[in-house]
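Below is one structure, written out as structure tokens, with a few remarks after it.
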Amino acid sequence: MKLATLKDGTRDGRLAVVSRDLTRALEAGAVARTLQAAIEDWDRVAPMLADLYAELNAGAARHATPFDPAQCHSPLPRAYQWTDGSAYVNHVELVRKARGAEMPQSFWTDPLIYQGGSDSFIGPCDDAPFADEAWGIDFEGEVAVITGDVAAGTSVDAAGQYIRLFMLVNDWSLRNLIPGELGKGFGFVQSKPATSFSPVAVTADELGDAWRDGRVHWPLAVHLNGVLFGRPNAGVDMTFNFAQLIAHVARTRELEAGSIVGSGTVSNKENDGPGQPVKAGGAGYACLAEQRTIETILAGKPATPFMRFGDRVRIEMLDGRGQSIFGAIDQQVTRAS
């Protein structure tokens, strides 16, 4: 099934079931007012939401309304926990190379995960405000899961059963602030502003055969100002799958229901080397930093600028029939007041 959170003037919005073709929505307040409430009582609530979903797809829901992604919060407008991995180690290697940093060999065997801010997220179609273009504004297209309660010490073999929903992510990054922060040896804060998620969160059955081996095997389409920038496949070159990421976070602490775990920027290699730009016939990239790194390798300096005020990014995943699975993250960068 597909679930969304509609804006209603409150912080947490109202839970709605969305039709498979993303054209209609049915409020689900009689079952659970918010997605967080549904996740916390998932075993009881999920079958009732599934009944509403079936009714909606059959055209039998009398109170259904047109679905408008612009009226959505992120599925969880705020969360108890948001941790983001760098499961595509190819991406880590490239962006570190761009800033002249060596990559420890352990990154290929031990997941790299940071704790993001989760007290508020940016809506999937809301403007993304920043105070200064000089910060190096970049998008990062990713996949994420929402978990139920996960006990501390949960094994990799067991971790996958706690995945409840899937979403897409735009993990905004301020590239020119990252070196200074990481140079302190204490992680991201200022360089990782509020994150954005897709309009809709979906259960695993909506992914069909694309959900296997702990990975989502569909391309992630990224458009910059209306032009295709990248289409890397999320199931390829994902060094650590979602079960491994969840187990890594849970090694010494429990995850509460409604925790979000991200994959990190989707990134593909090509011909055993770095991915190629779309213009060169490659799969392209899910962030600007990777293309800038390739340009630096080939020409000695980057040619692609970071985002400027007025630029727009669209992040979406289509199934084999060309249908949008999650709806699109579609955002314009604006100057913060």
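The values are calculated or read from the model by the stated rules, or taken from the named source; none is laboratory data. These numbers come from a predicted model, not from an experiment. With ideal geometry, Cβ positions are generated from the backbone for all residues, glycine too; neighbour counts draw on all protein chains shown. Just so you know, the surface numbers come from the protein's heavy atoms only, side chains and all, with ligands and any DNA or RNA stripped out. Shrake-Rupley method; radii C 1.70, N 1.55, O 1.52, S 1.80 Å.
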Count of segment 59-81 residues which are more than 25 Å from the chain's Cα centre (by Cα) and in contact (Cβ under 8 Å) with a residue 60 or more places away in the chain: 0
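Condition check ((1) open to solvent by 10 Å² or more (accessible area, probe 1.4 Å); (2) within 24 Å of Trp211 (Cα to Cα); (3) touching a Ser or Thr at 6+ places or on another chain (Cβ under 8 Å); (4) free of Cβ contacts under 8 Å to residues at least 24 places away in the same chain) across all residues:
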residue	(1), (2), (3), (4)
Asn225	yes, no, no, no
Asn233	yes, yes, no, no
Phe242	no, yes, yes, no
His248	yes, yes, no, no
Thr252	yes, no, no, no
Ser263	no, yes, no, no
Glu270	yes, yes, no, yes
Gly273	yes, no, no, yes
Gly281	yes, no, no, yes
Of these, Ala38, Ala28, Ala4, which one is under 21 Å from Leu255 (Cα atoms) and of a type in the set (Gly, Ala, Ser)? Ala38
Condition set of a type in the set (Asp, Glu) and under 28 Å from Phe306 (Cα atoms), scope segment 155-202, selection most open to solvent (accessible area, probe 1.4 Å): answer is Glu181
Checked segment 207-223 for anything open to solvent by 10 Å² or more (accessible area, probe 1.4 Å) and touching a residue at least 60 places away in the same chain (Cβ under 8 Å); matches are Gly208, Trp218, Pro219, Ala221, His223
Please state which of the following conditions Gly136 fails to meet, knowing it meets all the rest: (1) at positive phi; (2) at pLDDT below 95. (2)
Could you please tell me which pairs satisfy a Cβ distance under 7 Å, a separation of 6+ or placement on different chains, a first residue in segment 147-166 that is over 13 Å from Gly214 (Cβ atoms), and a second residue that is of a type in the set (S, T, N, Q) and exposed (fewer than 15 other Cβ atoms within 10 Å of the Cβ)? Ala152/Thr252
Filter segment 44-102 down to the residues that are basic (Lys, Arg) and assigned to a loop (DSSP other than H, G, I, E, B), then identify the one that is modelled with the lowest pLDDT. Arg99
Scanning segment 59-101 for residues that are open to solvent by 60 Å² or more (accessible area, probe 1.4 Å) and in contact with a helix residue (DSSP H, G or I) (Cβ under 7 Å, 6 or more places away or on another chain), which turns out nearest to Glu181 (Cα to Cα)? Arg99
State whether one or more residues within segment 140-153 are in contact with a Gly (Cβ under 9 Å, 6 or more places away or on another chain), among the small types (Gly, Ala, Ser), assigned to a strand (DSSP E or B) and more than 28 Å from Glu40 (Cβ to Cβ). yes
Considering segment 131-154 alone, what residues qualify as being of a type in the set (A, V, I, L, M, F, W, C) and open to solvent by 10 Å² or more (accessible area, probe 1.4 Å)? Ala131, Ala134, Trp135, Ala151, Ala152
Could you tell me whether segment 311-329 includes any residue that is in contact with a strand residue (DSSP E or B) (Cβ under 7 Å, 6 or more places away or on another chain), closer than 17 Å to His91 by Cα and not aliphatic (A, V, I, L, M)? no
Please state which one of Ile329, Ile297, Ile315 is over 18 Å from the mean Cα position of the chain (by Cα) and either closer than 27 Å to Lys97 by Cα or buried (at least 24 other Cβ atoms within 10 Å of the Cβ) (or both). Ile297
Could you check segment 102-119 and list, in sequence order, the residues that are closer than 16 Å to Ala243 by Cα and open to solvent by less than 60 Å² (accessible area, probe 1.4 Å)? Pro111, Ile113
Just to verify a result, which residue in segment 8-20, among those that are open to solvent by 10 Å² or more (accessible area, probe 1.4 Å) and under 20 Å from the mean Cα position of the chain (by Cα), is farthest from Gln71 (Cα to Cα)? Arg20
Scope segment 41-70; condition of a type in the set (D, E, K, R) and more than 30 Å from Asp127 (Cα to Cα); matching residues: Asp41, Asp43, Arg44, Asp51, Glu55, Arg62
Within segment 21-39, take every residue that is in contact (Cβ under 8 Å) with a residue 24 or more places away in the chain, of a type in the set (Val, Ile, Thr) and assigned to a loop (DSSP other than H, G, I, E, B) and give me the one that is surrounded by the most Cβ atoms within 10 Å (Cβ to Cβ). Thr34
How many residues does segment 82-103 hold that are in contact (Cβ under 8 Å) with a residue 12 or more places away in the chain and among the basic types (Lys, Arg)? 2
